[in-house]
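The structure appears below as structure tokens.
The values are calculated or read from the model by the stated rules, or taken from the named source; none is laboratory data. Note that this is a predicted model, so its numbers are computed, not measured. FYI the Cβ positions are ideal-geometry reconstructions off the backbone, even for glycines, and counts take in every protein chain you see.
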Amino acid sequence: NHHIKASLPLLGKKVLVTAGPTYEAIDPVRFIGNHSSGKMGFALAQQLYHLGAEITLITGPTVEKIDHVTRIDVISAAQMLNACTTHFAQSDIMVMSAAVADYTPVNVAEQKIKKTESEFNIALKKTTDILATLGQQKRENQILVGFALETNDEEHHAKEKLKKKNLDMIVLNSLNDKGAGFKTETNKITIFNKEFNSKSFNIKSKTDVAVDICNEILNLMIAKHL
Ligand code: CTP
Ligand code: CA
């Protein structure tokens, strides 16, 4: 009995995970998106489930499939924000691995835009930063985990985001190494905690990366007596 409980350290915990890209509509047939596959978020949801947690997975468009979770499919950044703010208060842990669009069209054309001019501009406006919004709402007994995707000054930018968004932990995704990041089966990560301690991991499968991230989350829970 003791053994079973120890192997399910997140039993009774509610975990919110986001995954995938968002699509920002331009007109009825076009959108602005990104190359996120959703694999990392789904691997995390899977692993957190194996640790005993009750999972709500909010995902943008993806072909990924998963069992044993409450799945909420969204398309746009605005829809993802809405779903996240609805479920955050009831969550013990929130892991924001979605690749949320930073900008969205100011207007969505009702009809398909025809090609007329030789140059064509789309006016964009900033989306709401979901993670920063949740960081402001966060209680003492909640753990908020973010991601950072950088190509330069990685460590500096990751630490800035950790601070600015009031996170407990940030997972830096290195795009520099071949075979890491979007559209791949592998990732190379460095994890920073609030004290700016960092832990670097070797390049490995997204499933194994999810295990590493979960172990860090468990360490954090112990440190915070949660
Ligand atoms: N994020 C979010 N809402 C947004 C944009 C980003 O919640 N509108 C989250 C991402 O899910 C990720 C973290 O913020 O967990 C960092 O995303 P990233 O794109 O690396 O950083 P940004 O803060 O968007 O800054 P920039 O893209 O300019 O580097
Ligand atoms: Ca961004």
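Points worth noting:
- Matching residues in region 161-174 - criterion: being surrounded by fewer than 16 Cβ atoms within 10 Å (Cβ to Cβ) and within 13 Å of ligand 2 (Cβ to nearest atom): Lys164
- Residue check, Met94 out of contact with any Cys (no Cβ under 9 Å at 6 or more places or on another chain) and not hydroxyl-bearing (Ser, Thr, Tyr): no
- Residue among Val108, Val145 that alone is crowded, with 22+ Cβ neighbours inside 10 Å and either within 16 Å of ligand 2 (Cβ to nearest atom) or touching a residue at least 40 places away in the same chain (Cβ under 8 Å) (or both): Val145
- Residue pairs whose Cβ atoms lie under 6 Å apart, separated by 6 or more positions or on different chains, with the first residue in region 80-98 and surrounded by fewer than 22 Cβ atoms within 10 Å (Cβ to Cβ) and the second assigned to a helix (DSSP H, G or I), are Leu81/Ile130; Phe88/Leu134.
- Selection of first residues in region 38-64 that are under 18 Å from Val209 (Cα atoms) and of second residues that are aromatic (Phe, Trp, Tyr) and surrounded by 24 or more Cβ atoms within 10 Å (Cβ to Cβ), restricted to Cβ pairs under 6 Å at least 6 apart or on distinct chains, gives the following pairs, ordered by first then second residue: Glu64/Phe42.
- Search result, residues across region 56-79 that are crowded, with 23+ Cβ neighbours inside 10 Å and within 16 Å of ligand 2 (Cβ to nearest atom): Gly60, Ala77
- Counting only residues that are more than 6 Å from ligand 1 (Cβ to nearest atom) and either within 17 Å of the chain's Cα centre (by Cα) or among the acidic types (Asp, Glu) (or both), region 143-156 holds 7 of them.
- Residue match in region 6-13 (condition: surrounded by fewer than 18 Cβ atoms within 10 Å (Cβ to Cβ) and in contact (Cβ under 8 Å) with a residue 60 or more places away in the chain): yes
- From Thr133, Thr128, Thr104, Thr116, residue being part of a loop (DSSP other than H, G, I, E, B) and under 22 Å from Ile58 (Cα atoms): Thr128
- If the condition is being more than 16 Å from ligand 2 (Cβ to nearest atom), modelled with pLDDT of 95 or more and β-branched (Val, Ile, Thr), then region 114-142 contributes only Ile122.
- Residue match in region 54-71 (condition: of a type outside the set (A, V, I, L, M), under 18 Å from Thr22 (Cα atoms) and within 11 Å of ligand 1 (Cβ to nearest atom)): yes
- Evaluated against (1) surrounded by 15 or more Cβ atoms within 10 Å (Cβ to Cβ); (2) in contact with an Asp or Glu (Cβ under 6 Å, 6 or more places away or on another chain), Ile113 falls short on exactly one condition, (1).
- Test: Thr85 is near ligand 1 (Cβ under 10 Å from one of its atoms), more than 17 Å from Asn34 (Cβ to Cβ) and at pLDDT 95 or above: no
- Test result for Ala25, in contact with a Phe, Trp or Tyr (Cβ under 6 Å, 6 or more places away or on another chain), touching a residue at least 40 places away in the same chain (Cβ under 8 Å) and outside any loop (DSSP other than H, G, I, E, B): yes
- Filtered residues of region 199-212 (kept if in a strand (DSSP E or B), in contact with a Lys or Arg (Cβ under 9 Å, 6 or more places away or on another chain) and among the polar types (S, T, N, Q)): Ser200
- Criterion: among the basic types (Lys, Arg) and under 25 Å from Leu172 (Cβ atoms) - qualifying residue of Lys65, Lys39: Lys39
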